[in-house]
Amino acid sequence: MNKVFPVPQPAPAPTHAPLDGTAITARLKELAAFSDVPGELTRLTLTPAHKRAAAQVSYWMREAGLTQVHMDATGTIIGRYPADRANAKTLLIGSHIDTVRNAGIYDGNLGVLTAIAAVEALNAQGIRLPFAIEVAAFADEEGVRFLSTLTSSKAVAGIFDPKSLDDVDPQGISRAEALRSFGAPVERIAECRRNPDDMLGYVEVHIEQGPVLEAAGAPLGIVTGIAGASRGHVRVRGEAGHSGTLPMPMRHDALAAAAEMILAVEARGRTDADALVATVGTLIIAGSAVNVVPGEVQFSLDVRTLSDDLRRRAVEDIRTAVAQIAARRGVRASVDIGHEVPAAPCHGPLKERMAQVVDSLGLPVVRLPSGAGHDAMVFRGILAIAMLFVRSQNGSHNPREYASPADIGLAAEALYAFLIKTAAEM
Ligand SMILES: [Zn+2]
């Protein structure tokens, strides 16, 4: 146990000005002004608006006391708050500052600004910890512009795929070209990697993007892990025919069969409703017309859960149900799962520490999985990860996304308390 500084008990008090939710919200609004589309927040990765936002974040990082603030080879802005000693480990705190089209202002940006605020609060009091902190404003989380995604955090994790440099956006600009014009030293991607032996872990604060905390009346949530996902599509082939001349008993209606299959997907989701979500989000009817019995239909499949085993079983159950429905209706059906991502569970001790600081702030401790992907997931099996969710209203990936200044202040307080507690327990 290192005695490095007075540890506030039980929670950090009084509130330090940098942790004030209203001040952080003001910065979120300032950052939201950096948009490629006037009148809304659209800041796809490596665009001019992203570059201006990155410059602003760099400025705030330096002002907060972070040193060595720089842009890495993937466009991430990273700053370092040194430890109180040499050869100390590093805790990485981050999120992303790229957005979807017509985005909310909190997704990603909130995590970056609370991290900067927590460091600013330490620096304002002259507190150094027995570990260094690095704050990362990742450049590529949303995956809207290029095919590949999470390339920034993957580079830090050491799992960057060089092929993603050749990905092109709809204008034909490659990621490598976009990085160069962004000012990123693209030839130095290998240097982005952090040696896991030197790291304490990765922590991310993020708006929930779902309704669970709101429904629970809890400002903050402890993320148990990031759900794994199986994604693919189901193709159903029956026989097209004239809607007026083909008698009902003689039909092999691909759409009617698909409808039954879609309900089977929903039913499988509901069977494990506390742990699993299963969704059909797209439906394509080949040659659809009002007077044609549909001959061929394709629909998407998206199954997510924190349990990889449950996910595999659910996909198998869906395959079985699809085959049974197809056989009964005399259509052919194939299930193609093209995309599988394993779950990324949060690290037990880090997660518990996060729960303890939330409890110490007098808040209810709600644990929930993340159904959405985050930068944190790339560190699966590489770094210990922890995530703190902030209650959101109006969903996410839309301009009505909202977190209250009060909740944001609590998130900053919790992150700060987490840092203090981590130091105290070393
Ligand atoms: Zn995000």
Please identify which residues in segment 75-92 have an amide N closer than 17 Å to a label point set 7 Å out from the Cα of Met426, following the Cα→Cβ vector. 80-92
On full extension of the chain, what length is gained from Ala124 through Ala323, given 0.36 nm per residue of separation minus the C-alpha to C-alpha distance? 65.3 nm
For Cα pairs less than 8 Å apart in space and 6+ apart in sequence, what is the mean separation divided by the residue count of segment 144-250, i.e. the relative contact order in percent? 18 percent
Could you give the length gained by full extension between Arg85 and Glu30, i.e. 0.36 nm per residue of separation minus their alpha carbon distance, to one decimal place? 16.3 nm
Give the range of the longest stretch in the chain that excludes all trypsin sites (Lys or Arg not before Pro) found in loop regions by DSSP and having at most 12 other beta-carbon atoms within 10 Å. 4-399
Sort the chain into rounded, prolate or oblate with this rule: let a ≥ b ≥ c be the square roots of the eigenvalues of the Cα gyration tensor; rounded if a/c is under 1.5, and if a/c is not under 1.5, prolate when a/b is larger than b/c, oblate otherwise. prolate
Between the Cα axis of helix 405-424 and the main Cα principal axis of the chain, the angle (0 to 90°, nearest 10) is 60 degrees
Once the dipole of the chain is set up from charges on Cβ (+1 Lys and Arg, -1 Asp and Glu), the residue from the list Gly225, Leu110, Leu46 lying farthest towards its positive end is Gly225
Expressed as a percent, the accessible surface of the chain that is carbon or sulfur, using a 1.4 Å probe and the full set of protein chains, is 54 percent
Need one number: nm distance between label points at Asp197 and His339, each 7 Å from Cα along Cα→Cβ, rounded to one decimal. 3.7 nm
Which of rounded, prolate or oblate describes segment 335-378 when judged by the alpha-carbon gyration tensor and an a/c cut-off of 1.5? prolate
Taking the radius of gyration and the Kirkwood hydrodynamic radius from Cα positions alone, what is the Rg/Rh ratio for segment 199-248, to two decimal places? 1.40
Measuring from the longest principal axis of the C-alpha atoms of the chain, the long axis of helix 48-64 (C-alpha) lies at a number of degrees, nearest 10, equal to 30 degrees
Accessible area of the chain divided out per residue, in Å², using a probe of 1.4 angstrom: 42 Å²
Whole number please: convex hull volume per residue of the Cα set in segment 12-113, in Å³? 113 Å³
Against the longest alpha carbon principal axis of the chain, how many degrees, from 0 to 90 and to the nearest 10, is the axis of helix 109-124 turned? 10 degrees
So, in Å, what gap is there between the alpha-carbon centers of segment 42-105 and segment 316-393? 26 Å
Using the Cα gyration tensor of segment 86-211, with a ≥ b ≥ c the square roots of its eigenvalues, what is the shape: rounded (a/c below 1.5), prolate (a/b larger than b/c) or oblate (neither)? oblate
Under 16 Å between alpha carbons - lysine pairs in the chain that sit 8 or more apart or on different chains: 4
FRET efficiency for Leu147 and Asn102, using Cβ-Cβ distance with R0 set to 25 Å, rounded to 0.05: 0.75
List the residues whose amide H sits under 5 Å from the amide H of Ile385, counting only those 5 or more places along or on another chain, with H placed 1.01 Å from N in the peptide plane. Tyr202, His347
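The values are calculated or read from the model by the stated rules, or taken from the named source; none is laboratory data. Because the structure is a prediction, the values reported are computed rather than measured. For neighbour counting, all protein chains shown are included, and Cβ atoms are generated from backbone atoms with ideal geometry for every residue, glycine included. We work out accessible area using only protein heavy atoms, side chains counted, and drop any ligands, DNA or RNA first. Shrake-Rupley method; radii C 1.70, N 1.55, O 1.52, S 1.80 Å.
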